[in-house]
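The values are calculated or read from the model by the stated rules, or taken from the named source; none is laboratory data. If you're wondering where the values come from, they're calculated on a predicted model, not measured in any experiment. With ideal geometry, Cβ positions are generated from the backbone for all residues, glycine too; neighbour counts draw on all protein chains shown. When the accessible area is computed, the model is the full protein with side chains, heavy atoms only, and any ligands, DNA or RNA have been set aside. Shrake-Rupley method; radii C 1.70, N 1.55, O 1.52, S 1.80 Å.
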Amino acid sequence: MNIMTVTLTTEAPAEHWGKADVTYQGTKATIHLSGSDELRQVQMAARKIRNQGINYVQLDGGLWTLNSQWAFAQGFATAKAGYQVDWCGSDSDKETLNQRAVAAQFARKLINDTPEDLSPLSLANQAASWLKNIGGDHVSFNIIEGHELLEKKWVGIHAVGRGSERPPALLELDFNPLGADAPVSVALVGKGITFDSGGYSLKSSEGMLAMKCDMGGAATVTAALGLAMKAGLNKRVKLFLCCAENLVSGNAFKLGDVLTYKNGTTVEIVNTDAEGRLVLADGLQAASETGAGLIIDAATLTGAAVMAVGSNYNAIFSPQKATLQLAQQCAEAVSENVWPLPLDAWHKDMCPSAYADTANSRPVKGGGAGGASNAAGFLWRFVSPKANWLHVDLAGAFESSASALWAAGATTHGVLTIAELLKD
């Protein structure tokens, strides 16, 4: 196997290279840094090196930092296997990077998997198995599926998933290294829609093509928990994955239906393609029942968030300014990008209904103006007022086609931020 050694320099390339930011000499590549935003430069350079057909690199030299090596790895990664990055630097940095790589590989594999191969139950079982392998006896779990969801009053997951022959499921997982009576410090909730056709509010073929990624929230919170556990997490955390396929059939939920949730909230369905918030409503109620001081949910929830912050940021929402500030600090510490969007109490009422307490969207294309905030306002109805709450709309979790920074497919952007929040 041919190995390319990659080094960093702040020197300009030789004149004959022109304005190139990557130069080559035999089996050595040099990334020439200039100006600010060095991590972005490194990630873009990694994409260029990978596009040369290079599959195996050894990072070398004194200018590499933990975060620049991770930026390189993110740019070098692709949906197809068969590539490798060898780290440099201290043993501590290498161990941290190896832990990040394992977690990112797990999330990337799940998100890039085909909808046929990743059913709701498969997603729940794979997540539980992976975390059990890391946490051993500290991890216990239960999977509620199919009609049992109705018995437990998890009506949102059941409604969204009932149109598929493959049953919906709720994974309830407990990581507890402290003992049976330990309080739950954090509860994680992930949207696990393994394929989203839009239901009767049917997506276009183009809009449906990438919808295997609609379980990106579930993969993100699972990978984040696993990463934090690998790093020595010593607090009790509960995880809830809301898993379903949103398909069209004679048994699928319909526009005009009204769901009555466990907390008594009634919801009129005005758009079956606004299904993520319906399953998260169950997960957030389950998380609230744990008494956790902090609830974090992650979801590929709205196109409005992508329009607002682009695909290189994740949008964050919280009623508590301190929670937003903490999320920003944690993201900055691991060099990920988040941006807070508005969330006020009146956002709860931005999806009115003549037939129920609220609708699940507004009956206009894309949910209308402020769609990401309106979706967050809907979710807020299902969060305990005693908990701090962070909602992460994963605008940057998936790239439909390759860009200067990312290969096509899952980016895993958001895993490190949530893992850092768990450690805080």
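Inside region 1-23, can you point out the residues that are open to solvent by 70 Å² or more (accessible area, probe 1.4 Å) and of a type outside the set (S, T, N, Q)? Show your work before the answer.
Let us first name the residues in region 1-23 that are open to solvent by 70 Å² or more (accessible area, probe 1.4 Å), namely 1-3, 10-12, 15-17, 19.
Within region 1-23, Met1, Ile3, Glu11, Ala12, Glu15, His16, Trp17, Lys19 meet the criteria.
Suppose we filter Ala231, Ala252, Ala287, Ala298 for residues that are among the aliphatic types (A, V, I, L, M) and open to solvent by 20 Å² or more (accessible area, probe 1.4 Å); which single one remains?
On the way: Ala252 fails: open to solvent by 20 Å² or more (accessible area, probe 1.4 Å); Ala287 fails: open to solvent by 20 Å² or more (accessible area, probe 1.4 Å); Ala298 fails: open to solvent by 20 Å² or more (accessible area, probe 1.4 Å).
After ruling out the rest, the residue left standing is Ala231.
Determine whether region 259-278 contains at least one residue that is among the small types (Gly, Ala, Ser) and touching a Ser or Thr at 6+ places or on another chain (Cβ under 6 Å).
Of region 259-278, the ones among the small types (Gly, Ala, Ser) are 264, 274, 276.
From what's left, touching a Ser or Thr at 6+ places or on another chain (Cβ under 6 Å): 274.
Checked against the condition, which is being among the small types (Gly, Ala, Ser) and touching a Ser or Thr at 6+ places or on another chain (Cβ under 6 Å), region 259-278 yields at least one hit.
When you check Leu170 against the structure, is it in contact with a Phe, Trp or Tyr (Cβ under 6 Å, 6 or more places away or on another chain) and either assigned to a strand (DSSP E or B) or modelled with pLDDT under 95 (or both), yes or no? Can you show your working first?
On the way: in contact with a Phe, Trp or Tyr (Cβ under 6 Å, 6 or more places away or on another chain): yes; either assigned to a strand (DSSP E or B) or modelled with pLDDT under 95 (or both): yes.
The answer is yes for Leu170.
Can you pull out every residue in region 348-372 that is buried (at least 18 other Cβ atoms within 10 Å of the Cβ) and among the hydroxyl-bearing types (Ser, Thr, Tyr)?
Correct list: Thr358, Ser361.
Do we have Leu379 as in a strand (DSSP E or B) and either in contact (Cβ under 8 Å) with a residue 12 or more places away in the chain or in contact with a strand residue (DSSP E or B) (Cβ under 9 Å, 6 or more places away or on another chain) (or both) here? Please lay out each step first, then the result.
Details: in a strand (DSSP E or B): no; either in contact (Cβ under 8 Å) with a residue 12 or more places away in the chain or in contact with a strand residue (DSSP E or B) (Cβ under 9 Å, 6 or more places away or on another chain) (or both): yes.
Against the criterion (in a strand (DSSP E or B) and either in contact (Cβ under 8 Å) with a residue 12 or more places away in the chain or in contact with a strand residue (DSSP E or B) (Cβ under 9 Å, 6 or more places away or on another chain) (or both)), Leu379 does not qualify.
Considering each of Ala322, Ala375, Ala345, Ala404 in turn, give the residue that is surrounded by fewer than 15 Cβ atoms within 10 Å (Cβ to Cβ) and either touching a Lys or Arg at 6+ places or on another chain (Cβ under 7 Å) or β-branched (Val, Ile, Thr) (or both). Spell out how you get there, then give the answer.
On the way: Ala322 fails: either touching a Lys or Arg at 6+ places or on another chain (Cβ under 7 Å) or β-branched (Val, Ile, Thr) (or both); Ala375 fails: surrounded by fewer than 15 Cβ atoms within 10 Å (Cβ to Cβ); Ala345 fails: either touching a Lys or Arg at 6+ places or on another chain (Cβ under 7 Å) or β-branched (Val, Ile, Thr) (or both).
Being surrounded by fewer than 15 Cβ atoms within 10 Å (Cβ to Cβ) and either touching a Lys or Arg at 6+ places or on another chain (Cβ under 7 Å) or β-branched (Val, Ile, Thr) (or both) holds for just one of Ala322, Ala375, Ala345, Ala404, which is Ala404.
If you check Gly226, Gly199, Gly216, which single one turns out to be open to solvent by less than 10 Å² (accessible area, probe 1.4 Å), of a type outside the set (Lys, Arg), farther than 20 Å from Trp389 by Cα and touching a Ser or Thr at 6+ places or on another chain (Cβ under 6 Å)?
On the way: Gly226 fails: touching a Ser or Thr at 6+ places or on another chain (Cβ under 6 Å); Gly216 fails: farther than 20 Å from Trp389 by Cα.
Testing whether each residue is open to solvent by less than 10 Å² (accessible area, probe 1.4 Å), of a type outside the set (Lys, Arg), farther than 20 Å from Trp389 by Cα and touching a Ser or Thr at 6+ places or on another chain (Cβ under 6 Å) leaves just Gly199.
Give me the helices (runs of 4 or more DSSP H) completely within region 18-135, filtered to those with at least 1 residues that are touching a residue at least 12 places away in the same chain (Cβ under 8 Å), over 30 Å from Pro167 (Cα atoms) and touching a Phe, Trp or Tyr at 6+ places or on another chain (Cβ under 7 Å), ordered by residue number.
Answer list for region 18-135: 38-50, 66-76, 91-112.
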